[in-house]
1. So, in nm, how far is label residue 298 from label residue 357 when the simple model puts each one 7 Å beyond its Cα toward the Cβ?
2. Indicate, rounded to the nearest 5 percent, the antiparallel portion of the DSSP beta bridges found entirely in the chain.
3. Which order do the peptides 347-356, 299-308, 78-87 take when ranked by the mean count of other beta-carbon atoms within 10 Å per residue, highest first?
4. Which value, in debye to the nearest 20, gives the size of the charge dipole of the chain about its Cα centre, when Lys and Arg are +1 and Asp and Glu are -1 at the Cβ?
5. Which order, highest average first, do 270-276, 243-249 follow once you tally other Cβ atoms within 10 Å for each residue and take the mean per peptide?
6. Could you look at the stretch 211-269 and say what percent of its accessible area is carbon and sulfur, using a 1.4 Å probe and all protein chains?
7. Which of these values of mean projected area of the Cα convex hull in nm² was calculated from the structure shown: (i) 21.1; (ii) 23.0; (iii) 17.4?
8. Give me the lysines in straight-line cross-link reach of residue 52: C-alpha distance below 29 Å, same-chain residues under 8 apart excluded.
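The values are calculated or read from the model by the stated rules, or taken from the named source; none is laboratory data. What you see is a predicted model, and the numbers here were worked out from it, not measured in a lab. All Cβ positions, glycine included, derive from the backbone under ideal geometry; neighbour counts span all protein chains shown. These accessible areas exclude ligands, DNA and RNA; they are computed on the full protein's heavy atoms, side chains included. Shrake-Rupley method; radii C 1.70, N 1.55, O 1.52, S 1.80 Å.
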Amino acid sequence: MLVPIGGPDHAADGPPPDGLPLHGLTVLDLSQYLAGPSCALRLADLGARVIKVERPQGGDASRSLYLAGLDFDGSSALFHAINRNKQSYTADLKDADDAAAVRRLLTMADVVIHNFRPGVMDRLGLGWEAVSAINPRIVYAGVSGYGEAGPWRDRPGQDLLVQSLSGMAWLSGDAGDPPVPAGLSIVDMTAGAQLCQGVLALLVRRGVSGRGGRVDVSLMEAAIDLQFEHLAVYLNGGDAMPPRSGVANGNVYLAAPYGIYATADGYLALAMTPIDRLGALIGMEDGAALPAADDLDARDAIKTVVADILIRRDTAHWLAILEPAGVWAAPVLDWPALLAHPGFAALSATQRIAAPDGATLTLTRCPIRVDGRVLTSSSAAPRLGADRAAIDGDMAA
């Protein structure tokens, strides 16, 4: 097991590294972009030492994947958001000497993560059989687009493409709208979280039996699992896609008033609540004449009446009526409103990382609390190859 050398320095408001549950474990992160690195990031947040193995030329492709042109310490802010608190080790896996160096790292690692397309790791001599022979205790974690078999096996595993192929994009938007994808990389991040769950489960088993193991996750399987509620209904009684509501669509299988409605000054979200109770609170005079709320065929008619009433007054007016009555309602906040809200401040949801030159960048933090403590780290993502010499020296010691 590698001994931490110049490793990530956890901020004062978080627990010390040796108080974190994964302290003493070493993870080799051979992945790039989002799904694999997000898994490695969470393991780092929980105390593992994560060594990011990158190509000598350019490194992880997300180093140059800029969102809104935001740069920090020579790489994209996105790269730092998903690779903070790691170390960088450059290696060309097609070079014999570099490949041998990575194999030496594998003999001392606890976990290895990759997101190469099926078959690539085997061709590099780093497939499951080869790596487990080197280190029988290792947890070998792979994330792919569509799994090891099937006609999609070699397709690009990209979030928007998987949302589209999996049916997810047909669930959002109102009836008549085109397919609407989620506005963030939800499949990538879900797959990363599922991969992390598998890694932790195998680490627990290893603690009992001493045996490592292999865990595999695909973006497509993550997207299918995200739809488990809806697919449970469809697989057991549906022949066609369920209809999206034509008014304030929120969930294809939930009745009125579930959805988001315009108010005089913004938007209001309404979750599950009896329509007669809601009607009495908002002054729905003809509520008694409406069909039963659980009648999906009448969903749009009910929502139209609700929408016509809610648009007349501002969001604060309706919340002042609905929240004291126990109705599940919330304003629809944009980011400025979210960050200005006392509820956001109470969560301490952000942290500040620092580059070697002292520059700082504000990012979100790990959402997990351990022993009641918020987990933060001030370490930025590593500069490309910054830690190879120290790690090589550590292996030689």
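1. So the two model labels end up 6.6 nm from each other.
2. Values: 16 of 38 bridges.
So the antiparallel bridges in the chain amount to around 40 percent.
3. Numbers: 347-356: 14.8, 299-308: 19.7, 78-87: 24.4.
For the peptides 347-356, 299-308, 78-87, the packing ranking is 78-87, 299-308, 347-356.
4. Values: 31 positive and 44 negative charges, 242 e Å.
Charge dipole, the chain, about its Cα centre: 1160 debye, nearest 20.
5. Working: 270-276: 16.7, 243-249: 19.9.
So the peptides 270-276, 243-249, ranked by packing, come out 243-249, 270-276.
6. Details: 1650 of 2990 Å².
Its accessible area is 55 percent carbon and sulfur atoms.
7. (ii)
8. Straight-distance partners of residue 52: 86, 94.
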